Amino acid sequence: MGASDEFKQTYCHGTFVIWPPDDVRAAVGALRQRYDPASQAICDAHITLTQPFVREPSAEDLARISETVSDFAPVELEYGPLATFLPYPCVYLDIQPANAVRSLRRALHDLGLFDLSLPFSDPDEFIPHMSITDGYPDEAQTRVTLAALAGSEPRGRFQLTSVAWIRPDDDFHFRTAETFMLGRE
């Protein structure tokens, strides 16, 4: 099972994510591989930041993004505890402070480069999260996964210093196209 053609078309120009540190990415990625290998095959453990681009970004677009991101100071993010979006079957690690992520999301979306016609585009309703499962396979399995992970999920903190534009490769696995640093030097 892979990404649908519609998903591939929607995300062909990529999106923005927050990559957790390598050790966190590996630990959460191992859980994704165990509980939702189809999602892990598409993208390693991440925190979604924006909706997908509506078109290929230009050099000017990327410069505007860089300027916008640099206006934000680095911030410490906390991941965990375990949560779910039931009845939508998704198991995730909560991300705090949510308002810091929402503010960055809002500023990027305000650039007019992202597809805000998609569901969950309102930054005030967006719940920052790091998915372990992403709607796979169903609500009953989600409850089993929640029970299996309860109390043993990864938890911790890391410093958010950059965001990444990721885009799919030929196998439709998302990889970093460019990294943008928070804060001004």
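The values are calculated or read from the model by the stated rules, or taken from the named source; none is laboratory data. Here the structure is a predicted model, which means the values were calculated and not measured. Every residue, glycine as well, gets a Cβ built from its backbone with ideal geometry; the counts of neighbours run over all protein chains shown. Note: areas computed on protein heavy atoms with side chains; ligands, DNA, RNA excluded. Shrake-Rupley method; radii C 1.70, N 1.55, O 1.52, S 1.80 Å.
Within region 156-183, the set of residues being of a type in the set (Lys, Arg) and either at pLDDT below 95 or surrounded by fewer than 14 Cβ atoms within 10 Å (Cβ to Cβ) (or both) comprises Arg157, Arg175. Considering only region 1-20, state which residues are open to solvent by 50 Å² or more (accessible area, probe 1.4 Å) and out of contact with any strand residue (DSSP E or B) (no Cβ under 9 Å at 6 or more places or on another chain). Met1, Gly2, Ser4, Asp5, Glu6, Phe7, Gln9, listed by residue number. Against the definition (among the polar types (S, T, N, Q) and in contact (Cβ under 8 Å) with a residue 12 or more places away in the chain), how does Ser131 come out, yes or no? Taking the combined requirement at face value, the residue satisfies it. Scanning region 106-119 for residues that are open to solvent by 50 Å² or more (accessible area, probe 1.4 Å) and within 22 Å of Ala38 (Cα to Cα) yields one hit, Pro119.
Hey, any hits in region 68-78 for a residue that's farther than 21 Å from Asp44 by Cβ and of a type in the set (Asp, Glu)? Yes.
Exactly one residue out of Ala26, Ala41, Ala63, Ala30 is farther than 23 Å from Ile132 by Cα, surrounded by fewer than 21 Cβ atoms within 10 Å (Cβ to Cβ) and aliphatic (A, V, I, L, M): that is Ala63. Going through (1) hydroxyl-bearing (Ser, Thr, Tyr); (2) open to solvent by 60 Å² or more (accessible area, probe 1.4 Å); (3) assigned to a helix (DSSP H, G or I) one by one, Ser103 falls short only on (2). Applying the condition of being over 23 Å from Pro37 (Cβ atoms) and at pLDDT below 90 to region 123-150 and asking which residue is surrounded by the most Cβ atoms within 10 Å (Cβ to Cβ) yields Pro123.
Quick check on my filter: what residues within region 50-86 are part of a strand (DSSP E or B), closer than 30 Å to Ala147 by Cα and of a type in the set (A, V, I, L, M)?
First, pick out the residues of region 50-86 that are part of a strand (DSSP E or B): 53, 75-84.
Retained after the next criterion (residues that are closer than 30 Å to Ala147 by Cα): 76-84.
Within region 50-86, Leu77, Leu82, Ala83 qualify.
With respect to Ser66, is the statement that it is touching a residue at least 60 places away in the same chain (Cβ under 8 Å) and small (Gly, Ala, Ser) true? Yes; evaluated as a whole, the condition is true for this residue.
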